[in-house]
Amino acid sequence: MSIIKQIDQDLINAQKAKDETVVLTLRMIKSAFKNQAIELRKPELSEQEAILILRREMKKRLDSISAFNAGNRPDLAAKEQAELEMIKKYLPPELSEADIVRVIEVVLASGLNNFGQVMKEVMTKLQGQADGQIVQRLVKEKLVQK
């Protein structure tokens, strides 16, 4: 079952169970999907596009959690953490650092040695399967070693 259909089904189940937190979070995700579909002028998003949107929403939650913790608002941070866990449930597992390093080494073997070019190529190959900050750190480490 696709991610979008799974979210639709889970939203219906959450509405029946009257689980307000889940309903609000899933509606937010569906809204992000709909907005992206309108922006791309497509009737429906692909699975890959849905994953990218979910990763973007996950990053927003992570940023909010750190901001709320810095602002001494653990109540709001806990709410964002709950939403983050729900979003993670729909994402495929991220690649390990070892897998990311293998992709970086393949890109570096092709002759690229400029940080920007390497990052662009690696992120294209990974297609949202890894966090950009982790990839950035690993690329910098590999370029320093080279």
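The values are calculated or read from the model by the stated rules, or taken from the named source; none is laboratory data. Just so you know, these numbers come straight off a predicted model, no measurement behind them. Note that each Cβ is placed from the backbone with ideal geometry, even for glycine, and that neighbours are counted across all protein chains shown.
Odds and ends about this structure:
- Within segment 103-123, the presence of at least one residue that is within 27 Å of Ile7 (Cβ to Cβ) and hydrophobic (A, V, I, L, M, F, W, C) is confirmed.
- Gly128 meets all of the listed conditions (1) part of a loop (DSSP other than H, G, I, E, B); (2) out of contact with any Lys or Arg (no Cβ under 8 Å at 6 or more places or on another chain) but one, namely (2).
- Residue within segment 109-122 that is of a type in the set (A, V, I, L, M), surrounded by 14 or more Cβ atoms within 10 Å (Cβ to Cβ), closer than 28 Å to Arg61 by Cβ and not assigned by TED's automatic domain parsing to the domain that holds Lys60 present: yes
- Meets criteria (free of Cβ contacts under 8 Å to residues at least 24 places away in the same chain, out of contact with any helix residue (DSSP H, G or I) (no Cβ under 7 Å at 6 or more places or on another chain) and within 17 Å of Lys89 (Cα to Cα)) for Lys60: yes
- Applying the criterion of being aliphatic (A, V, I, L, M) and farther than 12 Å from Ile29 by Cα to the residues of segment 53-84, the residue that is surrounded by the fewest Cβ atoms within 10 Å (Cβ to Cβ) is Ala70.
- Scanning segment 85-119 for residues that are within 30 Å of Thr25 (Cα to Cα), in a helix (DSSP H, G or I) and hydrophobic (A, V, I, L, M, F, W, C) yields Met86, Ile87.
- Hits in segment 1-43 - residues which are more than 19 Å from the chain's Cα centre (by Cα) and touching a residue at least 60 places away in the same chain (Cβ under 8 Å): Thr21
- Residues that are surrounded by fewer than 18 Cβ atoms within 10 Å (Cβ to Cβ), of a type in the set (D, E, K, R) and in contact with a helix residue (DSSP H, G or I) (Cβ under 7 Å, 6 or more places away or on another chain) do not occur anywhere in segment 33-43.
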